[in-house]
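> Quick one: this structure, given as C-alpha cells, is what I'll be asking you about.
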Amino acid sequence: MENEDERNQNRIYILGNDSVLEQAIALLNSIRLYDTETPIVLIPYNDKYKEAAAVLGDRFGVTLFPDLTILEWLDATVEETFGSDFFARPQQFRKQAAWFGKPGRFLYIDTDIVVFERIIAVLEYLQTYDFICCDYQHRGGIQNVFTSAILEAPGFNESVLAEIFNCGFWGSKAGLISASDLQDVFAECAAHPEYFDFSQKTSDQPVINYLVLKQIPRRFNLVHRPGGAPGSWAGSKFRQRDWRLFDPNLNQPLQYLHWAGFRLRPGCPYWALWQHYRNLNEPKLRSPRSPKLRFSPPWRS
C-alpha cells in the first residue's frame, strides 16, 4: 500500500483542448469513480484549451500544466528538427512535457480511454522499473512504428523491437528524460527517416518508441506480469458486465479500454459503454431523491 507521501508524488497527465472535452469528461468520470485524490494535469494540445481547463478544473480538480513555455519549446524543437509539414499533428509531442513536470512518478493517458479501476496503482511497478506500458501493440510487429532498417540502428535488435508499445497509456518518472535527450533523439530520427514507418504522419508513436527503447533500459510492459494481463484495444472482442469489460482469453477484467484508431461516435465499438461514462453524474441522470455525487471530491470540501 502507498503511504501519503508516495501518493502525493504520483500524478496523471492528459493532453487535450476544447475539441476533445467530451472525451476528457468520460475519461475523468471513470478515473474519479475509483480515485478522488490523485492530481490530474492538463497539457494543452494548442491554444484552444480555456473551456476544457475551466470545465475539467471545476468538475474534477484538474490543473493546468504549470510551464507553458515548455510546450512552446517542444513545438519549436519539433518544427526545427523535422520541418513544419512533416507531421500532420506535431502537437502530439507536447505529451513529452510530462518528463519536465513536478518531481515524482506520472501516468500519461490519452483522452479516448476509460478506466475500470484505480488506475494510478500501476505506478507501483515504477519501484522496480523506470518506464511502464500495458498493451499488446508488439503483437502486430513493427508496422506503423519502424521499418526493417531499424535493425541497423545501434542498440536495436529483435528482442528490443518486441517491446514496441502504444503511446496512449504509459508511465515513468519526471526528470528521467532531459531536454538535451529529446533534442538528440529527435535529431537522430530526422537524420534516419528510413528507420521509421511514417505512413501515418498523424502519430508521434515512431519517434517516442525510439526515444524510450533507446534511452530507458529498465522498462516493463504490464501484459508480461505473472498471470498475464488483459487486452485494452476497442477493436477486440470483450465481454461486458455492469459497465465493465472482461478479457475472455484470460478471464480477467480490463484495466482500461482504448479507442485507438476509432472515432468516438455512434456505431463505433463499445459506444454505449463510452456514453455511460460520459454521462456519469450528469444532472439529468440523477434521481430527484439522490441529487449528490457518489463521492465528495476533496477539492470541493
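The values are calculated or read from the model by the stated rules, or taken from the named source; none is laboratory data. Keep in mind that this is a model prediction, so the values were computed, not measured. Using ideal geometry, Cβ is built from the backbone for each residue, glycine included, and neighbour counts are taken over all protein chains shown.
> Please determine, by comparing only the residues of the stretch 234-251 that are in contact with a strand residue (DSSP E or B) (Cβ under 7 Å, 6 or more places away or on another chain) and surrounded by fewer than 19 Cβ atoms within 10 Å (Cβ to Cβ), which one is nearest to F116 (Cα to Cα).
Ranking the candidates gives R244 first.
> What number of residues within the stretch 69-96 satisfy the criterion of being of a type in the set (A, V, I, L, M), more than 16 Å from D184 (Cα to Cα) and either in contact with a helix residue (DSSP H, G or I) (Cβ under 6 Å, 6 or more places away or on another chain) or modelled with pLDDT of 95 or more (or both)?
The number of residues fulfilling the criteria is 2.
> Continuing with this model, one more query. Hey, does the stretch 100-108 have a residue that's hydroxyl-bearing (S, T, Y) and under 22 Å from A260 (Cβ atoms)?
yes
> Kindly evaluate E163 against the criterion of being at pLDDT 95 or above and surrounded by fewer than 17 Cβ atoms within 10 Å (Cβ to Cβ).
Taking the combined requirement at face value, the residue does not satisfy it.
> I'm trying to understand the selection: among the residues of the stretch 261-301, which are farther than 30 Å from Q200 by Cα, surrounded by 11 or more Cβ atoms within 10 Å (Cβ to Cβ), at pLDDT 50 or above and out of contact with any Ser or Thr (no Cβ under 9 Å at 6 or more places or on another chain)?
Selection gives H276, N279, N281.
> For the stretch 221-242, name all the residues that are in contact (Cβ under 8 Å) with a residue 24 or more places away in the chain, closer than 24 Å to Q92 by Cβ and in contact with an Asp or Glu (Cβ under 9 Å, 6 or more places away or on another chain).
N221, L222, V223, G231, S232, W233, A234
> Further question: Say whether the condition of being touching a helix residue (DSSP H, G or I) at 6+ places or on another chain (Cβ under 9 Å), part of a loop (DSSP other than H, G, I, E, B) and among the hydroxyl-bearing types (S, T, Y) is met by at least one residue in the stretch 5-21.
Within the stretch 5-21, not a single residue is touching a helix residue (DSSP H, G or I) at 6+ places or on another chain (Cβ under 9 Å), part of a loop (DSSP other than H, G, I, E, B) and among the hydroxyl-bearing types (S, T, Y).
> Within the stretch 41-63, work out how many residues are farther than 19 Å from I208 by Cβ and in contact with a Phe, Trp or Tyr (Cβ under 8 Å, 6 or more places away or on another chain).
The total comes to 2.
> What pairs come up if the first residue lies in the stretch 69-95 and is under 16 Å from Q205 (Cβ atoms), the second is surrounded by fewer than 12 Cβ atoms within 10 Å (Cβ to Cβ), and their beta carbons are under 8 Å apart, counting only those six or more places apart or on different chains?
Pairs found: F87/T202; A88/T202; R89/T202; Q92/T202.
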